[in-house]
Structures are given as C-alpha cells and as structure tokens.
Amino acid sequence: MQTRVEKLKEEFKKQFGSDQNTRLFQAPGRVNLIGEHTDYNEGFVLPAAIDRSILALARPRKDKQVRIYSLDFKNLFEFSLDKIKPVKDSWGNYPMGVAEVLQQEKLKLKGFEAVFESNVPVGAGLSSSAAIELVNAFIFDAFSELKLDRVKMALLCQKAENEFVGVKCGIMDQFVIALGEKGRALFLDCRDLSYRLVPVPSEKVKLVITNTKVKRSLAGSEYNQRREECGEGVKLLKQKLPKIKSLRDVTPEELAEHQELLPETVRKRCTHVVRENDRVTRAEAALKSNNLREFGRLMVESHNSLRDLYQVSCPELDLLVKNALSLKGVLGSRMTGAGFGGCTVSLVEEKSVDEFRIKSGRSYQKETGKVPEFYVCQISDGVKEITTS
Ligand code: GLA
C-alpha cells in the first residue's frame with residue numbers, strides 16, 4: 001500500500017511539476033486528558049499531542065503566491081500574500097488567517113506551494129483546525145526564516161482562529177500542538193502560559209479515543225454562550241471578591257460561600273470551572289505519582305461535571321462513557337474537547353483494549369445505529385519538520 005508520504009509526493013508532482021526541493025512538515029491533532037472549558041477562564045489544562053496528524057509537503061516560491069492542495073478535500077486553494085480576504089466556508093481560511101496575522105506582525109513572508117494530507121478526523125474535537133494553522137505557521141517560519149518561538153507561534157495561530165476564522169477558542173489546542181512532546185502530556189497554566197511536560201505511562205495502559213461520529217453541531221454558538229456565562233459569574237462574584245480577574249482566581253470554598261450571588265445557570269457553569277481547575281492540579285499529581293486509578297476517577301468526575309453543570313455533553317458521548325465504565329480494565333473515561341459530539345477519551349489497561357473496542361463498539365452501534373471509530377493513540381511530538389528518505 002502507498003504510504004502517506006508517497007501519496008503526497010505523487011500529488012505534488014501532479015499539481016506542481018516536480019517534487020524537487022520539497023520539505024516535509026507534520027502537525028498533530030490533540031486530545032485533552034482533563035481541564036475542559038478552563039482555558040478561556042485562565043485556568044489549567046492537561047492535553048497531549050497525538051499520532052494522528054496533518055502532513056504537508058511544501059516548497060518555497062519566489063513570488064507572493066500560496067498554492068495549496070488538500071488531498072482530503074481534493075481542492076486546490078490559491079491566494080496572494082498581498083491580497084488576503086476570507087472566503088466563506090473554505091479550509092483556505094486557516095492558512096490565509098495565519099498569513100494575515102504573521103503579516104500584521106510586520107513579518108516578511110515568502111509564498112509557497114504545498115500538498116496537505118490529514119488523518120485527524122474533521123469536526124471530531126481533535127483539533128484538526130489548530131493542526132492546519134500550526135503546520136502553515138511552521139512552513140512560513142521555515143521558508144521565510146522568521147525564527148518565531150513556539151509560544152508566539154501558538155498565540156498567533158489562536159489569533160488567526162479568533163479574528164480571521166471567527167471562532168473564539170482558548171489557547172489550549174494551539175499551545176499543545178506547538179509544544180507537545182512524545183510520551184508526555186502538557187500541563188498548562190493558561191494565564192501566564194507556564195507549562196510542564198508530564199510523562200504518561202504507555203506500556204500497561206493505553207489512551208483510547210472513541211469517535212461518536214456526531215459532528216459538533218451546536219458547538220459554535222453554545223461555546224460563546226458558555227464563555228459569556230463565565231464572564232457574568234466573574235462580574236457578580238466581584239461584588240464580594242473584588243480582587244478576582246477570572247474564575248481561575250476563585251477557590252471551591254469561596255464559590256460555595258458566595259454562590260447565592262449567582263443565578264442558577266451561571267452558578268452551575270462557575271462550579272464546573274472552579275472544580276475542574278482543582279481536578280487538573282490533582283490529576284497532574286496523580287500522574288506524577290503513577291496513581292492511574294485516581295487519574296481515571298478524576299476523568300469521570302470531569303465528565304459528569306461537563307454533562308450536568310456545564311451541559312456541553314450529548315447523549316452519544318454519555319452513552320460511550322457509561323458503556324466504557326461498565327467494562328473490565330477501564331480506569332477512566334470522559335468527553336474531550338468542546339463537546340456536543342466529537343470524541344471521548346478512555347484510559348484502558350493494555351490487555352483489555354481489544355475487548356473494549358469490540359464490546360463498546362457493539363453496544364454503541366446497537367443503541368445509536370452509528371459505527372464509532374477507535375484510535376488507540378500514542379502521545380506524540382508537536383509540529384515539526386521530518387526528513388524523508
Ligand atoms: C475547544 C477550544 C479550546 C477549549 C476546548 C474546551 O477545543 O478550541 O480552546 O476551550 O474547546 O476545553
């Protein structure tokens with residue numbers, strides 16, 4: 001069977017003549033282990049880059065044209081760096097958005113041509129959008145010798161998504177795709193962007209991602225609404241806690257003491273965020289002391305809170321988690337990403353992985369009529385150039 005790289009090379013020749021002087025780049029998707037909807041509240045997250053990725057074979061151009069072909073969409077997208085304008089519903093907005101924010105920084109960009117291929121499922125909550133942003137930022141950086149550091153690159157890609165694509169996401173996805181490392185999860189403080197890489201054992205336990213195949217439909221508007229509800233909570237809590245800047249500054253005890261200030265929905269949202277931050281800290285400690293049972297227990301608490309308090313789960317995600325927890329060898333399971341569809345992540349003992357796939361797949365299909373997909377994943381490096389031989 002043709003490898004991914006062979007496919008890229010063949011298509012590159014077809015689109016752009018020869019594949020001489022091309023270079024190969026890769027940006028992974030991500031899975032969030034715990035710390036959901038905390039990033040835009042300046043809290044803590046614990047995601048990891050995974051071995052599902054976007055590959056790009058690219059070559060610099062002498063002019064200001066960017067010509068990029070997507071093998072997945074079978075589509076050639078072309079724009080000039082001198083004339084950047086969003087195009088409705090096009091994947092080209094991600095690369096264009098990245099070019100736009102880089103140029104706003106007064107960086108001089110060279111055009112390039114590239115072929116992209118991805119095995120990160122789109123709309124499944126594994127950050128295919130952040131991956132396409134980062135791979136483009138990395139290509140511009142390499143070809144135009146920008147020498148951007150990775151934190152800056154992540155911030156600029158988030159800006160592209162916020163301002164050009166128009167999705168008000170937090171920093172988690174771009175950050176872990178820029179700075180993730182093989183075998184390690186990334187604990188990030190989303191206020192000051194300090195981070196630590198925490199080894200995740202991979203011999204006896206596996207991270208199994210299960211795709212509900214429900215596209216994250218409501219995600220956009222509901223996501224922004226949750227952000228606003230959190231902001232509302234901060235405003236109200238300030239009456240008694242004048243020093244707080246975000247929910248990150250509120251402890252579970254303080255929230256319990258002042259909860260009468262908040263209307264019910266806002267109280268639920270705030271309770272999720274404040275306790276989730278606390279869970280991330282405890283999950284990191286559990287991981288460091290190799291207490292995977294505790295880690296799994298916190299994952300389940302996180303899921304229940306996202307379902308009942310933050311209300312961003314959906315019946316299919318709940319079903320997958322419930323089924324997972326009834327199976328042998330499952331230490332924890334939760335929805336991952338923004339919610340309303342997408343994927344769950346489960347921590348499963350190695351010896352039980354096959355049974356997990358069979359049994360959980362069977363009951364999900366029986367109850368929903370949908371065939372779920374499973375990705376037993378390895379934690380991988382963030383965006384990088386790879387050598388082809
Ligand atoms: C999406 C956003 C992230 C984060 C998660 C929820 O993935 O892109 O910034 O807010 O949702 O934790």
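The values are calculated or read from the model by the stated rules, or taken from the named source; none is laboratory data. All values derive from a computational prediction rather than experimental measurement. So basically every Cβ, Gly included, is an ideal-geometry build from the backbone, and we count neighbours across all protein chains shown. All accessible areas refer to the heavy atoms of the entire protein, side chains included, with ligands and DNA or RNA removed. Shrake-Rupley method; radii C 1.70, N 1.55, O 1.52, S 1.80 Å.
Give me a count of the residues in the stretch 215-230 that are surrounded by 16 or more Cβ atoms within 10 Å (Cβ to Cβ) and at pLDDT 95 or above.
Summing the residues that are surrounded by 16 or more Cβ atoms within 10 Å (Cβ to Cβ) and at pLDDT 95 or above in the stretch 215-230 gives 4.
Within the stretch 272-290, is there a residue that is under 30 Å from V122 (Cβ atoms), open to solvent by 60 Å² or more (accessible area, probe 1.4 Å) and away from the ligand (no atom under 15 Å from the Cβ)?
No, the stretch 272-290 has no match at all.
So which of K328, K322, K366, K370 ends up being of a type in the set (K, R), more than 20 Å from V214 (Cα to Cα) and open to solvent by 10 Å² or more (accessible area, probe 1.4 Å)?
Selected residue: K328, the only one of K328, K322, K366, K370 that is of a type in the set (K, R), more than 20 Å from V214 (Cα to Cα) and open to solvent by 10 Å² or more (accessible area, probe 1.4 Å).
With respect to L8, is the statement that it is within 14 Å of the ligand (Cβ to nearest atom) and not in a loop (DSSP other than H, G, I, E, B) true?
no
Enumerate the strands (runs of 3 or more DSSP E) found wholly within the stretch 320-389, keeping only those where 3 or more residues are over 30 Å from E222 (Cα atoms).
384-386
Taking the stretch 116-141 on its own, how many of its residues are more than 16 Å from the ligand (Cβ to nearest atom) and more than 16 Å from K384 (Cα to Cα)?
Adding up the residues that qualify gives 1.
Are any residues in the stretch 297-355 β-branched (V, I, T) and free of Cβ contacts under 8 Å to residues at least 40 places away in the same chain, and if so, which ones?
Within the stretch 297-355, V300, V321, V330 qualify.
Among the strands (runs of 3 or more DSSP E) lying completely within the stretch 16-89, list those that include at least 3 residues that are open to solvent by less than 20 Å² (accessible area, probe 1.4 Å), away from the ligand (no atom under 16 Å from the Cβ) and farther than 30 Å from L309 by Cα.
Correct list: 44-60, 65-70.
Return only the number of the condition from (1) more than 16 Å from the ligand (Cβ to nearest atom); (2) open to solvent by 10 Å² or more (accessible area, probe 1.4 Å) that F112 does not satisfy.
Of the numbered conditions (1) more than 16 Å from the ligand (Cβ to nearest atom); (2) open to solvent by 10 Å² or more (accessible area, probe 1.4 Å), the odd one out for F112 is (2).
Just need a number here: residues in the stretch 165-218 that are within 15 Å of the ligand (Cβ to nearest atom), touching a helix residue (DSSP H, G or I) at 6+ places or on another chain (Cβ under 8 Å) and β-branched (V, I, T).
Counting residues in the stretch 165-218 that are within 15 Å of the ligand (Cβ to nearest atom), touching a helix residue (DSSP H, G or I) at 6+ places or on another chain (Cβ under 8 Å) and β-branched (V, I, T) gives 4.
For the stretch 231-257, name all the residues that are closer than 13 Å to T271 by Cβ and either open to solvent by 20 Å² or more (accessible area, probe 1.4 Å) or in contact with a strand residue (DSSP E or B) (Cβ under 9 Å, 6 or more places away or on another chain) (or both).
T251, P252, E253, E254, A256, E257
State yes or no: is Q378 touching a residue at least 12 places away in the same chain (Cβ under 8 Å), within 16 Å of the ligand (Cβ to nearest atom) and either open to solvent by 20 Å² or more (accessible area, probe 1.4 Å) or more than 22 Å from the chain's Cα centre (by Cα) (or both)?
no
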